[in-house]
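Participant: Starting off with a structure, shown below.
Laboratory data are not the source of any read-out in this text; all were calculated from the coordinates shown. Source: prediction; values computed, not measured. Positions of Cβ are generated from backbone atoms using ideal geometry, with glycine treated the same way; all protein chains shown enter the neighbour counts.
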Amino acid sequence: MRVFMLQAALLLSLSGCGLVSNTSPWNERCSAPKTTSNGMLAIKDGETLKCQIRVFTSNMGCSEKFTNAQGDDGLACTNSEGKGAIFFFDNNGVLKSHEFLSK
């Protein structure tokens, strides 16, 4: 009985491993971005992609239902401290401009 309980516990612990995604968000459609020495996204107009910013802002509140006067797609994100950023992208999803905001 004791061996069965150990096997069951081991099986349950291993099945939990499948719940954690080990896959990278980076692929042929969204290449890995340049990062700073502390792992933060190195944001550069003309280089950084919308898909890269989405990964780094996934834990923030974001909205993308707006455009600027030039018709560029917008993405605005804020964190729980009221700090945030506004990003504008061209039709190919490449960052055209951005601005950081603080409360």
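Participant: Under 17 Å from the Cα of LYS83, which lysines turn up, not counting those fewer than eight places away in the same chain?
Facilitator: LYS103
Participant: Just flag the chymotrypsin sites (Phe, Trp or Tyr not before Pro) in the range 21-95 sitting in loop per DSSP whose Cβ has no more than 12 other Cβ atoms within 10 Å.
Facilitator: PHE66
Participant: Give the average over all directions of the projected area of the C-alpha convex hull of the range 34-103, one decimal, in nm².
Facilitator: That works out to 4.9 nm².
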